[in-house]
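The values are calculated or read from the model by the stated rules, or taken from the named source; none is laboratory data. Just so we're clear, the structure is a prediction, and the values are computed from it rather than from any experiment. As a convention, Cβ positions derive from the backbone with ideal geometry for all residues, glycine included, and neighbour counts pool all protein chains shown.
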Amino acid sequence: MGIFSRILVATDFSPASAPAVAEAVKLAREARAELLLVHVYEPPGAASFGGYIPSANLYDEIEQALRMGAEKSLEPLAEDARKQGVKATARVLRGVAHSAITEAAAADGADLIVLGTHGRSGLSRFLLGSVAQKIIATAPCPVMTVHPPEGSKSGAGKGRVRKPKRGGS
């Protein structure tokens, strides 16, 4: 068993998160660690409907569709990790991304969180905030960020890995 026994990798299914998932699978395989793949969705709010308040049934249907779509996209990632010899579990979480990820890491005893970054900088990063920054600041364990490859806007490809940053209080 390596330094890590349980690794959590979060994905938003964007091209920028693909290198992070690949890196987490590689680390889990090398360390013989368990891998927890997570995706967080935020339930739709009134703003999502332009101020219109949908019926409870419609709201439930929309939320169920969000969850089912995420599960359908997440499970193949876990299956791919399993084919590479990694004990992998997929879990869809509901809530605000940075909070749900750090709570899951704490609850599941993760030794490492792996995240992809979108490579935003300047004003867009300031205005949008950075989920990765919030996770690094509040994580109960080290956080490794995997950046998109140099010169890539989409994030496709291998990516650059930054060493784990210590999270926590």
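Brief remarks follow.
- Within the range 17-44, considering residues that are over 21 Å from Pro148 (Cβ atoms) and surrounded by 19 or more Cβ atoms within 10 Å (Cβ to Cβ), the one nearest to the chain's Cα centre (by Cα): Leu36
- Subset tally (residues that are touching an Asp or Glu at 6+ places or on another chain (Cβ under 9 Å) and either of a type in the set (A, V, I, L, M) or assigned to a helix (DSSP H, G or I) (or both)) for the range 56-98: 8
- The set of residues from the range 25-55 being in a helix (DSSP H, G or I) and modelled with pLDDT of 90 or more comprises Val25, Lys26, Leu27, Ala28, Arg29, Glu30, Ala31.
- If you go through the range 103-112 and keep only what is in a helix (DSSP H, G or I) and under 24 Å from Glu30 (Cα atoms), you end up with Ala104, Ala105, Ala106, Ala107.
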